[in-house]
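K.L.:
Quick one: this structure, given as structure tokens, is what I'll be asking you about.
Coordinate-derived values only; no laboratory data. Only a predicted model underlies this, so the values are computations on that prediction, with no experimental measurement involved. When we count neighbours, we look across all protein chains shown, and the Cβ atoms used for this are built from the backbone with ideal geometry, even at glycine.
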Amino acid sequence: MKRRKLIRKTITVKPAQQIWIDAFLDYITGEAQLSENTVAAYRRDLVRFFVWLAGRSIVALGISDLADFVDWLHKQNLAPATLARHIVSLRVFFRYLQLEGVLKDNAADLLGSRKLWERMPQVLSPGQIDDLLEAPQPDEDKMWLRDRAILEFFYATGCRVSELSNLKLHDVHLEEGFCLCTGKGDKQRLVPLGRRAIESFRLWREKERPAALHRARLSGDDRLFRLFEGAQTGEPLDERSGNREEAPPFDYGGFAFLSYKGRRLRREAMWELIKKYARRIGASRAISPHTMRHSFATHMLAGGADLRQVQELLGHANIATTQIYTHVDMTRLKTIHKKFHPRG
């Protein structure tokens, strides 16, 4: 089956508007120290805001105008989480304009994140998870061991796709049974690895990863780092330590998961990988890397894990974000109700 490519819409803004966007992005990058992914998301949100603004003055906007903007966003068929993030982006941008003396009052602070924007996360059943994890096959997929390892890691760790894409080899500790994930705001957390995830990663690392590194070396790309095989650091080898023929394999920064050509596997590629195998098992087209994260959290809670523990594993700053998963597993809710309610 031919792979369906992700389509990205290009939206342009006027030069004067772009100046404001660039200044704001510099502020949240330098002063607020927001992550690269958050900055990119805020940029997209502001570009959409200025398209809606259509040349009108920001200073003249009131709460009714901003409410119209929210209604306009609804008509763009955006996901509920994306809608909520647009409101947050707008609030932060307006606060920046206050700091700059452009605005006296922040009308965006009056916009609430409506509960109706929240939706139940889509979750795969344990049976569907089993089918998905077995979907990569040696006779059909060029890097089936890598793909199985990625799927296992998604489900075993509950990592975000950006966290898995940026995971370093030296942060995967198979003998100890955990990996070190770097999440939003560069916050790090330790996440345990199950037996199947450990075994699948070991097979990928030993059987397919060296060939990917070899292809990278043959490409002669000077941007790639070279590591001694089995090394656990991301430091480039000194060119003076040996000739090119005897040099150890290339490694693009020591990333845990690599592309066929030995480069870091981008999060977009991981997204397409999930879509590919979801189609193969006949799952919904809406399945995404975040579905694996939702499934991880829901199955953990269904198995009796404490909400605070799941919050820590997911890297949620606020437990309210984790609580949405308690609404998904009705079996667990019924069990709790029966156990603790006087008339259960």
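K.L.:
Say each of W72 and Q323 gets a label point 7 Å from the Cα, pointing the same way as Cα to Cβ; how far apart are those two points in nm?
P.N.:
Between W72 and Q323, the label points sit 3.4 nm apart.
K.L.:
Going by average Cβ density within 10 Å per residue, which order do the peptides 281-292, 46-57 take, highest to lowest? Mind showing how you got there, number by number?
P.N.:
Values: 281-292: 16.8, 46-57: 15.0.
Highest mean packing first, the order is 281-292, 46-57.
K.L.:
At 0.36 nm per residue, and after removing the present C-alpha to C-alpha distance, how many nm does the segment from H170 to R44 gain when stretched out fully?
P.N.:
Residue separation times 0.36 nm, minus the Cα-Cα distance, leaves 42.1 nm.
K.L.:
Based on a Kirkwood Rh over C-alpha pairs, give the Stokes-Einstein translational diffusion coefficient of segment 30-70 at 37 °C and viscosity 0.692 mPa s in µm²/s. List each step's numbers first, then the result.
P.N.:
Details: Rh = 11.8 Å.
Using the Kirkwood radius from Cα pairs, D works out to 279 µm²/s.
K.L.:
At a Förster distance of 25 Å, what's the computed FRET efficiency of A305 paired with Q188, Cβ-Cβ distance as r, to 0.05? Kindly include the intermediate steps, with their values, before the conclusion.
P.N.:
Values: r = 21 Å, r/R0 = 0.84.
With R0 = 25 Å, the Cβ-Cβ based efficiency is 0.75.
K.L.:
Moving on to the next point. By count of other Cβ within 10 Å, fewest leading, how are I58, I319 ordered? Walk me through the intermediate numbers first.
P.N.:
Values: I58 17, I319 12.
Listed from fewest to most nearby Cβ atoms, that is I319, I58.
K.L.:
Each label point is 7 Å from the Cα along the Cα-to-Cβ direction; what then is the distance between the points at E199 and V51, in nm?
P.N.:
Here the answer is 4.8 nm between the modelled labels.
K.L.:
Can you give the local net charge around F201? Use residues other than it whose beta-carbon is closer than 10 angstrom to its beta-carbon, Lys and Arg +1, Asp and Glu -1. Don't jump to the answer; show the numbers that get you there.
P.N.:
Working: positive: R146, R148, R196, R202, R205, R209; negative: E152, E199, E206.
Residues close to F201 contribute a combined charge of +3.
K.L.:
List the residues whose amide H sits under 5 Å from the amide H of R264, counting only those 5 or more places along or on another chain, with H placed 1.01 Å from N in the peptide plane.
P.N.:
Amide H to amide H, under 5 Å and 5 or more residues apart or across chains, R264 pairs with S259.
K.L.:
Between segment 77-91 and segment 194-209, what's the alpha-carbon centroid distance in Å?
P.N.:
Segment 77-91 and segment 194-209 have Cα centres spaced 38 Å from each other.
K.L.:
Can you tell me the FRET efficiency between D105 and L180 if r is taken as the Cβ-Cβ distance and R0 is 56 Å, rounded to the nearest 0.05? Can you show the working numbers first?
P.N.:
On the way: r = 44 Å, r/R0 = 0.78.
For R0 = 56 Å, the calculated efficiency reads 0.80.
K.L.:
Could you check how many percent of all C-alpha pairs in segment 272-321 are farther apart than 17 Å? Walk me through the intermediate numbers first.
P.N.:
On the way: 540 of 1225 pairs.
Everything past 17 Å amounts to 44 percent.
K.L.:
Give the share of C-alpha pairs in each 10 angstrom bin for segment 15-117, from 0 to the last occupied bin, in whole percents, shortest bins first.
P.N.:
Distribution as computed: 14, 51, 32, 2 percent.
K.L.:
Right, here's the next one. Please express the shape of segment 142-193 as an equivalent ellipsoid: the semi-axes are the square roots of 5 times the eigenvalues of the C-alpha gyration tensor, given largest first in whole angstrom. Show your work: numbers first, answer last.
P.N.:
On the way: eigenvalues 65, 35, 18 Å².
Output for segment 142-193: semi-axes of 18, 13, 10 Å.
K.L.:
In nanometres, what is the gap between the two model label sites at A32 and I19, each 7 Å from Cα along Cα-to-Cβ?
P.N.:
Simple spin-label model gives 2.2 nm for this pair.
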